[in-house]
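This report concerns only the one structure given below.
The values are calculated or read from the model by the stated rules, or taken from the named source; none is laboratory data. This structure is a prediction, so every number in the text was calculated from the model and none was measured. All Cβ positions, even for glycine, are placed from backbone atoms using ideal geometry, and neighbour counts span all protein chains on display. We work out accessible area using only protein heavy atoms, side chains counted, and drop any ligands, DNA or RNA first. Shrake-Rupley method; radii C 1.70, N 1.55, O 1.52, S 1.80 Å.
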Amino acid sequence: MNKISHKIRSTATQLSQLYKPSLLFAKSVLIASAVVTISLMGVRQLGILEPLELSAYDQMLRWRPDEKPDSRLLVVGITEADIQKMKQWPISDRKIAEILQKLEKMQPAVIGLDVLRDVPLGDGREELSKVLQKSDKIIGVCLVTDGNPDSPGSPPPPGISENRVGFADFGVDPGGILRRALLFMKPPIIEGNSTVEKHLCNDNSQVLASFNLQLALNYLQRQKIYPQLAPDQSLWLGKTQFKKLESNDGGYSNADVRGYQILINYRSRRNLANQVRITDVLEGKVDPNLVKDKIVLIGYTTETVKDFFYTPYSGRRQDKQFMPGIVAHGQVVSQLLSAVLDNKPMFWFWPEWAEILWLSGWSIVGATVASRMAHPAQLVGTFGALLLVCGGCGFGIFLLGGWVPVAAPALGLILTGASIVSADRFNKAGYGKVISDRVKQVFKIEIDQAQKEQQVAEITESDFFKELQQKKEKLRVGKKETPQPAPSQLPEITASAAELPKAQSEADEYLAPLQEKAKQQKQRAAATASESGSKTGIPIDSHLGAGSGETKPDEEFSDLQGKAKQMRQRRAAEKKIKDQKIDSLTDKEDGAKNEE
């Protein structure tokens, strides 16, 4: 049995020695990746990585191939050529009414008028009001207030019912780039006691739908698809759920997601749908098949009117950097219809725990590769390939409709690799050992001194020490009060002599542990002081606090040892005297018997 247990122990020792380098390697990799992952997650929460993530998103959107034009939409643009041809700016209410009447005759599914008519423009105000009042296919726009009395918003066109009005506002990211769409919202409260005229788009008691959502809903109603709100307040159109954008979804960090927002899934950078000019409609040059059962969007496409946006497609383009507002609304309408009718996936995002695993995984890969490669050229080439793989994985997920962080894992890959390489160079140069030895030395001196002081305090304050002091005082008093024995008191002397070893053994039992502790502490203090004095060149007395006005621990132990030694010497002398007296009395007794 002993042989088997010995063999098991030896095998375990060999295995531990065999796998010890692997365990040390895994430990260093995991520590480096954990530190980098936690640091990057903290930096990401502060929003420092958001510009990088948004830039990566824009680039992936530009790399993604465009879809074919949406045949369910028709854009009627008001161009600079139309303005010059009609000799009107802005276009009068009568012209707008005439355009609407011509389009209605071609039987569209719904008409979206992205032209503000909050005040009369030219003649034909009453005519426009009658057209808007009679038609149930026209959707008008308004602008929502931002809560400032100087920006009360713009009311809808005259004569149109409230259920056929949508707000034209978008949520724009820092830098002016349009990536998000508002589906519905509640207007903010206007600050102060202002006399601003109330209208639909500054009434805080109303929940307003967006212009693009109104167009999509009117189109889907023809196919018996109606909006529903789930218990979690998410929007459903048929079997399609439109999840509300959260503040940390994708590459965002604490984004402003008030209202009900979604990420815009752009269809195309150029050809969203068929497009005609407004003068073509007035002159009857538009094919009715382009209008029938379609969503017709009317709006400005000229840069003269400041109704355009920067988009992810604007990056590094010298021309056509802007997207007209009416085309941006068309992108959202097409996205909603494609999700419901074509089963096109909406953008989806990973939960936070999955993003942490994604980031830590790439950090572990970076640390592992850096610890296995020593040649600089191979290391740089391998990391370049890994960065391409990381970006490729992110782009592949993007093509499937998911947006996951790309910049953060790339940084985690680089930082963990750099930390492993730096630590390896640092240790090989010997700086790490020197610093660790210095730190250990300082901490060892401080810890030993603290332990000594703590042990002295524990000994002097213990019940054992106090009891020993009391016994010492009793023995001292007993010696003073004990009278010298006479020859006739032999039994008493003999009895006292018999009890003396017992009392001495009890005292020794109390003193022996104390002396042993004192001896050990003194040896440890001497060894530590000599070591620190020899290495640092600091005098031992000054290092231990001599001259500071406090009692040193060694002096306390020396005093305690001296008192214990005196007590033992005193007892030994008393025992010797009593033994001599007993021997003399015994000799006298023997002599008396011999005489008899």
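Quick check on my filter: what residues within the range 166-199 are of a type in the set (A, V, I, L, M) and either part of a loop (DSSP other than H, G, I, E, B) or in contact with a Cys (Cβ under 6 Å, 6 or more places away or on another chain) (or both)? Those that are of a type in the set (A, V, I, L, M) and either part of a loop (DSSP other than H, G, I, E, B) or in contact with a Cys (Cβ under 6 Å, 6 or more places away or on another chain) (or both): Ala168, Ile189, Ile190, Val196.
Regarding Arg72, is this residue of a type in the set (Lys, Arg), closer than 21 Å to Leu213 by Cβ, buried (at least 22 other Cβ atoms within 10 Å of the Cβ) and touching a residue at least 12 places away in the same chain (Cβ under 8 Å)?
Details: of a type in the set (Lys, Arg): yes; closer than 21 Å to Leu213 by Cβ: yes; buried (at least 22 other Cβ atoms within 10 Å of the Cβ): no; touching a residue at least 12 places away in the same chain (Cβ under 8 Å): yes.
Answer is no for this residue.
Which fully enclosed strands (runs of 3 or more DSSP E) of the range 209-318 have 1 or more residues being aliphatic (A, V, I, L, M) and farther than 29 Å from Ser55 by Cβ? Steps first, please.
Values: elements: 227-229, 235-237, 240-242, 260-263, 274-277, 295-300, 308-310.
Because the criterion is at least 1 residues that are aliphatic (A, V, I, L, M) and farther than 29 Å from Ser55 by Cβ, the strands (runs of 3 or more DSSP E) in the range 209-318 that meet it are 227-229, 235-237, 274-277, 295-300.
Would you confirm, using the coordinates I've provided, whether Ala418 is surrounded by 22 or more Cβ atoms within 10 Å (Cβ to Cβ), in contact (Cβ under 8 Å) with a residue 12 or more places away in the chain and over 30 Å from Asn212 (Cα atoms)? Spelling it out, it is not the case that Ala418 is surrounded by 22 or more Cβ atoms within 10 Å (Cβ to Cβ), in contact (Cβ under 8 Å) with a residue 12 or more places away in the chain and over 30 Å from Asn212 (Cα atoms). Six or more apart or on different chains, Cβ atoms under 6 Å: show the pairs whose first residue is in the range 22-46 and open to solvent by less than 60 Å² (accessible area, probe 1.4 Å) and whose second is β-branched (Val, Ile, Thr) and modelled with pLDDT of 75 or more. Short answer, once both residue conditions are applied: Val29/Thr368; Ala32/Thr416; Ala32/Ile420; Ser33/Ile364; Ser33/Thr416; Val36/Thr416.
Condition check ((1) within 23 Å of Val141 (Cβ to Cβ); (2) touching a residue at least 24 places away in the same chain (Cβ under 8 Å); (3) open to solvent by less than 60 Å² (accessible area, probe 1.4 Å)) across all residues:
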{"residue": "Ile298", "(1), (2), (3)": "yes, yes, yes"}
{"residue": "Thr302", "(1), (2), (3)": "yes, yes, yes"}
{"residue": "Trp348", "(1), (2), (3)": "no, yes, no"}
{"residue": "Thr368", "(1), (2), (3)": "no, yes, yes"}
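Yes/no per residue for (1) within 48 Å of the chain's Cα centre (by Cα); (2) of a type in the set (Gly, Ala, Ser); (3) modelled with pLDDT under 90:
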position: Ser129; (1), (2), (3): no, yes, no
position: Gln133; (1), (2), (3): no, no, no
position: Ile139; (1), (2), (3): yes, no, no
position: Cys142; (1), (2), (3): yes, no, no
position: Pro152; (1), (2), (3): yes, no, yes
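The conditions of being in contact with a Pro (Cβ under 8 Å, 6 or more places away or on another chain) and open to solvent by 50 Å² or more (accessible area, probe 1.4 Å) are not met by Glu126. Per this entry, Pro405 is counted among residues that are touching a helix residue (DSSP H, G or I) at 6+ places or on another chain (Cβ under 7 Å), surrounded by 13 or more Cβ atoms within 10 Å (Cβ to Cβ), in a loop (DSSP other than H, G, I, E, B) and modelled with pLDDT of 60 or more.
Restricted to helices (runs of 4 or more DSSP H) entirely inside the range 49-129, those with at least 1 residues that are over 28 Å from Phe347 (Cα atoms) and in contact with a Lys or Arg (Cβ under 8 Å, 6 or more places away or on another chain) are 80-86, 93-105. Residues in the range 173-216 that are basic (Lys, Arg) and farther than 14 Å from Val144 by Cα: Arg179, Arg180. Would you be able to say whether some residue in the range 329-337 is touching a residue at least 40 places away in the same chain (Cβ under 8 Å) and loosely packed, with under 14 Cβ neighbours inside 10 Å? So far as the range 329-337 goes, no, none of its residues is touching a residue at least 40 places away in the same chain (Cβ under 8 Å) and loosely packed, with under 14 Cβ neighbours inside 10 Å.
Being touching a Lys or Arg at 6+ places or on another chain (Cβ under 9 Å) and either open to solvent by 20 Å² or more (accessible area, probe 1.4 Å) or of a type in the set (Asp, Glu) (or both) is the filter here, so list the residues in the range 204-222 that pass it. Hits for the range 204-222 are Asn204, Ser205, Gln206, Val207, Gln214, Asn218, Tyr219.
Among the residues of this structure, Leu143 counts as one that is open to solvent by 20 Å² or more (accessible area, probe 1.4 Å), touching a Ser or Thr at 6+ places or on another chain (Cβ under 7 Å), over 24 Å from Tyr226 (Cα atoms) and aliphatic (A, V, I, L, M). Only residues that are touching a residue at least 60 places away in the same chain (Cβ under 8 Å) and open to solvent by 50 Å² or more (accessible area, probe 1.4 Å) were counted in the range 152-173, giving 1. Among the residues of the range 177-196, what is the count of those that are open to solvent by less than 40 Å² (accessible area, probe 1.4 Å) and either over 17 Å from Leu213 (Cα atoms) or touching a helix residue (DSSP H, G or I) at 6+ places or on another chain (Cβ under 9 Å) (or both)? Counting residues in the range 177-196 that are open to solvent by less than 40 Å² (accessible area, probe 1.4 Å) and either over 17 Å from Leu213 (Cα atoms) or touching a helix residue (DSSP H, G or I) at 6+ places or on another chain (Cβ under 9 Å) (or both) gives 9.
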